[in-house]
1. Any chance you could give the angle, 0 to 90 degrees and rounded to 10, that helix 2-23 forms with the longest Cα principal axis of the chain?
2. Which whole-number percent gives the relative contact order of the chain, counting Cα pairs below 8 Å spaced six or more residues apart?
3. Would you please give the FRET efficiency between residue 244 and residue 109, computed as 1/(1 + (r/R0)^6) with r the Cβ-Cβ distance and R0 = 30 Å, to the nearest 0.05?
4. Among 28-34, 280-286, how do they line up by average Cβ neighbours within 10 Å per residue, starting with the highest?
5. Please check which bits of the stretch 138-158 a label hung off residue 101 would reach, taking the label as a point 7 Å along Cα-to-C-beta and the cut-off as backbone N under 11 Å.
6. For 231, 117, which order do you get if you count the other beta carbons within 10 Å of each Cβ and list the fewest first?
7. So what's the angle, to the nearest 10 degrees on a 0 to 90 scale, between helix 42-56 and the longest Cα principal axis of the chain?
8. Taking the Cα-to-Cβ direction at residue 55 and at residue 237 and moving 7 Å from each Cα, how far apart do the two end points lie in nm?
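Since every read-out is calculated from the coordinates, none of them should be taken as a lab result. As the structure is a prediction and not an experimental result, all values here were calculated from the model. Counting neighbours? That spans all protein chains shown, and the Cβs are built from the backbone with ideal geometry, glycine included.
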Amino acid sequence: MHFSRLSTLAAAAVAASVAFGTSGARAEQFVNVLTGGTSGVYYPLGVALSKIYGEKIPDVRTQVQATKASVENLNLLQQGKGEIGFSLGDSVKLAAEGNADAGFKAPLDKLRGIAAIYPNYIQIVATKDSGVTSLADLKGKSLSVGAPKSGTELNARAILGAASMSYEDLGKTEYLPFAESVELIKNRQLDATLQSAGLGVASLKDLSTSLPVSLVAVPADVANALGAPYIAATIPAGTYEGQTEDVPTVAVVNFLVTHSEVSDDLAYEMTKQLFENLPEMQAAHNAAKDIKLEDATKGMPIPLHPGAERYYKEKGML
């Protein structure tokens with residue numbers, strides 16, 4: 001009898017604290033972090049970001065959602081189905097313009113910028129057996145260009161176009177995410193994969209340790225033909241197993257994006273905690289070493305969220 005009375009009192013206390021918590025000064029806020037496939041770079045960085053937000057922003061509950069990355073993330077943000085998401089710069093630009101070919105039926109007018117983060121390197125990797133070492137060598141070969149209408153696939157179209165090529169020139173085009181592309185190559189069913197990601201992406205590390213591969217150079221004239229938001233870049237020697245030389249390629253900057261319905265205070269905290277906890281981001285993936293506060297507003301293709309703007313003004317950047 002005594003025990004059940006205590007249980008009842010405990011239950012009442014819990015109910016009271018729950019009721020008090022929800023009607024207290026601060027209601028709990030939910031932050032859904034939109035990432036990409038689990039074998040890419042967005043996912044581990046999103047997990048780290050979610051942990052930082054959960055620990056450092058009062059009354060915030062977080063969740064990480066694996067998605068098809070850039071294009072899906074931007075469409076979800078427009079619908080209010082996430083509070084922050086990762087995306088490639090060219091996808092953000094096309095979303096703001098409402099480019100239907102890129103997967104945006106109308107201009108996504110609710111998107112707001114949080115920060116420019118690190119560059120995605122376009123990494124084209126072929127089996128040594130295929131003999132592919134240049135973009136021209138891809139003619140007649142099979143290539144995976146990323147999930148359909150993903151940021152990676154938009155990059156693939158743009159790069160082939162700048163090299164005066166198209167999917168028609170390939171022997172076969174596969175539209176597969178990173179890990180699946182690698183599995184097909186390992187099974188000798190595919191010659192090459194194009195992956196737009198941070199350096200040292202898990203899928204390509206796995207591939208380079210499984211069989212001999214070549215990294216395909218993207219020459220500077222292709223970078224020049226592409227123009228902004230693409231830049232000429234280098235994949236340093238030793239990034240992948242058996243890679244003895246630097247390989248020229250192109251890169252495109254990634255952005256963290258939110259939407260206009262997110263409160264100014266939450267957007268401010270999401271921006272601040274990102275930059276005040278960069279070591280945790282770097283521990284999650286090496287690509288985060290390129291996230292720098294001084295670059296945070298560079299090349300932003302959409303308006304900054306007022307909350308993010310407040311943080312940059314405090315830091316004397318605006």
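1. Between helix and principal axis, roughly 60 degrees.
2. Numbers: 642 pairs, mean separation 73.5, N = 318.
Relative CO of the chain lands at 23 percent.
3. After rounding, the FRET efficiency stands at 0.05.
4. Details: 28-34: 19.3, 280-286: 17.6.
Going by the mean number of other Cβ atoms within 10 Å, highest first, we get 28-34, 280-286.
5. Residues 157-158 fall inside that zone.
6. Details: 231 14, 117 25.
Least crowded to most crowded, the residues run 231, 117.
7. For helix 42-56, the angle is close to 20 degrees.
8. Rounded to a tenth, the inter-label distance reads 3.8 nm.
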